Amino acid sequence: MTRANPASLAHRNGEWRQIGRALTALAAVAVLAGCEDKNTFVAPPPPKVDVATPVQRAVTRYVEATGNTAPIKNVDLVARVQGFLQSIDYQDGTFVKQGTQLFTIEPETYKLKLEQAQAAEAGAQASLRQAEADFKRQSDLVQRQAVSQATLDSSTSTRDNAQANLQQAQANTKLAEVNYGYTKVSAPFDGVVSAHMVSVGELVGVSSPTQLATIVAMDPIYVNFTINEQDVLRIRAEAVRRGLTTADLKQFPIQVGLQTESGYPHEGHLDYVSPTINQSTGTLAVRGLVPNDKRVLLPGYFVRVRVPFSQEKDSLLVPDTALGSDQGGRYLLVVNGDNVVEQRKVQIGPLDNGLRVIESGLKPDDRVVIAGLLRVIPGQKIDPQATKISQPQASAK
């Protein structure tokens, strides 16, 4: 039996090991090739983004400002005659009607002076009647040449003096009536009277008129505000276009709202427009008149004011949240015909009923990205989801 050479056996085993390594390498390559086929990169689908065309509707243009309220009448009630304050005839802070008696100032002295003047007037009337009768007698006697002309001249002078004395007496009576009337201080108009500034028994009107209280008329009420020069030019241009005169401008409606109120619930009209612009501020002083029967508006309030001056029929509006901003200004993301996002620079106008007016840079058929702005960038292709911009039911007043 022939035995194998150990060296030959070792050589054969080495060859088999090399063949095994080669097969293992081939298997690994095949496995890797299979993995590469399965992990091939597939681009994600375009993101779905809500887009909508802008709302197109009529929009009223307003001039907006901040103003303050002021009473149309504000009068200090003063003592115009001297005397002791006899009574206070109202409750502090109450509303009173015109003619309501508010204070009484020691009327007895002035009543006696009035009676004295009336008595003097009655005496002057009697003297005049006697002088006129004597004048008639002397005139008849002169015609019959019974007395001299000098006697008639004396009678004429007596009559004229009697007439002058009567006129003086009548003037004194009227003056006494006026002073007696001043002892009763009444409300000159409907309004609210402030707290009294003097007490009963105090001497008033000694050397100068003494202030007793203040009365304020609150219905209607003034609203004072200013508008800048650019708004003035816009309003004047609109007035020229509509053929309005200066008198017509004063009938423009105004809307007023308090700082704590929603919208502009108080309505009135323009009452005054300054004829000149203040050169130091570049503004025009304007005043409105607003009904205030419930006295919601108190003098001195800061209020929000807007004045509608024009209406545009086909304005374009988008949600305010659809707008972005950068160093170049405000912009919208618009989807073109290839569903690629574009950045569109726009000029914005005021908010109207919850939507922002776009002055320029947008067309009625543009598709605007209104949601998911953070998921898209200009130049990116998207999957637009058409929707409509929701509108509130009614405009805020």
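Here are the numbers for the structure shown:
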item: Number of positions in segment 350-373 that are touching a residue at least 40 places away in the same chain (Cβ under 8 Å) and assigned to a strand (DSSP E or B); result: 8
item: Residue within segment 259-266 that is part of a strand (DSSP E or B), open to solvent by 60 Å² or more (accessible area, probe 1.4 Å) and either more than 17 Å from Asn224 (Cβ to Cβ) or not hydrophobic (A, V, I, L, M, F, W, C) (or both) present; result: no
item: Test set (1) in a strand (DSSP E or B); (2) under 30 Å from Val192 (Cα atoms) - Gly300 fails condition number; result: (1)
item: Output for segment 326-348, where each listed residue is among the polar types (S, T, N, Q) and either within 25 Å of Arg57 (Cα to Cα) or touching a helix residue (DSSP H, G or I) at 6+ places or on another chain (Cβ under 7 Å) (or both); result: Asn336, Gln343, Gln347
item: Test: Gln211 is closer than 30 Å to Gly83 by Cα, open to solvent by 20 Å² or more (accessible area, probe 1.4 Å) and part of a strand (DSSP E or B); result: yes
item: Some residue of segment 311-320 being surrounded by 13 or more Cβ atoms within 10 Å (Cβ to Cβ), in contact (Cβ under 8 Å) with a residue 40 or more places away in the chain and assigned to a loop (DSSP other than H, G, I, E, B); result: no
item: Residue match in segment 270-289 (condition: open to solvent by 50 Å² or more (accessible area, probe 1.4 Å) and modelled with pLDDT of 90 or more); result: yes
item: Near pairs, Cβ below 9 angstrom, 6+ apart or cross-chain, from segment 269-298 (in contact (Cβ under 8 Å) with a residue 24 or more places away in the chain and over 25 Å from Asp219 (Cβ atoms)) to any residue that is open to solvent by 60 Å² or more (accessible area, probe 1.4 Å) and part of a loop (DSSP other than H, G, I, E, B); result: Thr283/Ile277; Leu284/Thr276; Leu284/Ile277
item: Conditions (1) of a type in the set (Val, Ile, Thr); (2) over 29 Å from Gln116 (Cα atoms); (3) part of a strand (DSSP E or B): number failed by Val185; result: (2)
item: Number of the condition not met by Thr173 [criteria: (1) at pLDDT below 90; (2) part of a helix (DSSP H, G or I); (3) among the β-branched types (Val, Ile, Thr)]; result: (1)
item: Check on Ile382, open to solvent by less than 30 Å² (accessible area, probe 1.4 Å) and closer than 19 Å to Val49 by Cβ; result: yes
item: Residue list for segment 349-367, filter: surrounded by 14 or more Cβ atoms within 10 Å (Cβ to Cβ) and touching a Leu at 6+ places or on another chain (Cβ under 7 Å); result: Asp352, Leu355, Arg356, Val357, Ile358, Leu362
item: Segment 188-203, residues that are over 17 Å from Tyr90 (Cβ atoms) and in a loop (DSSP other than H, G, I, E, B); result: Gly201
item: Qualifying residue in segment 233-240 (condition: more than 25 Å from Gln98 (Cα to Cα), among the small types (Gly, Ala, Ser) and surrounded by 15 or more Cβ atoms within 10 Å (Cβ to Cβ)); result: yes
item: Unmet criterion (only one of (1) open to solvent by less than 70 Å² (accessible area, probe 1.4 Å); (2) touching a strand residue (DSSP E or B) at 6+ places or on another chain (Cβ under 9 Å)) for Gly243; result: (2)
item: Residue that is modelled with the lowest pLDDT, among those in segment 139-162 that are in contact with an Asp or Glu (Cβ under 9 Å, 6 or more places away or on another chain) and open to solvent by less than 70 Å² (accessible area, probe 1.4 Å); result: Ala146
item: Within segment 53-137, strands (runs of 3 or more DSSP E) holding 2 or more residues that are more than 30 Å from Thr214 (Cβ to Cβ), free of Cβ contacts under 8 Å to residues at least 24 places away in the same chain and in contact with a Gly (Cβ under 6 Å, 6 or more places away or on another chain); result: none
item: Identity of the residue in segment 296-310, at pLDDT 90 or above and surrounded by fewer than 17 Cβ atoms within 10 Å (Cβ to Cβ), that ends up nearest to Thr387 (Cα to Cα); result: Phe302
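The values are calculated or read from the model by the stated rules, or taken from the named source; none is laboratory data. All values reported here derive from a predicted model rather than from experimental measurement. When we count neighbours, we look across all protein chains shown, and the Cβ atoms used for this are built from the backbone with ideal geometry, even at glycine. For the accessible areas, the whole protein counts, side chains as well, though only heavy atoms, and no ligand, DNA or RNA atoms are used. Shrake-Rupley method; radii C 1.70, N 1.55, O 1.52, S 1.80 Å.
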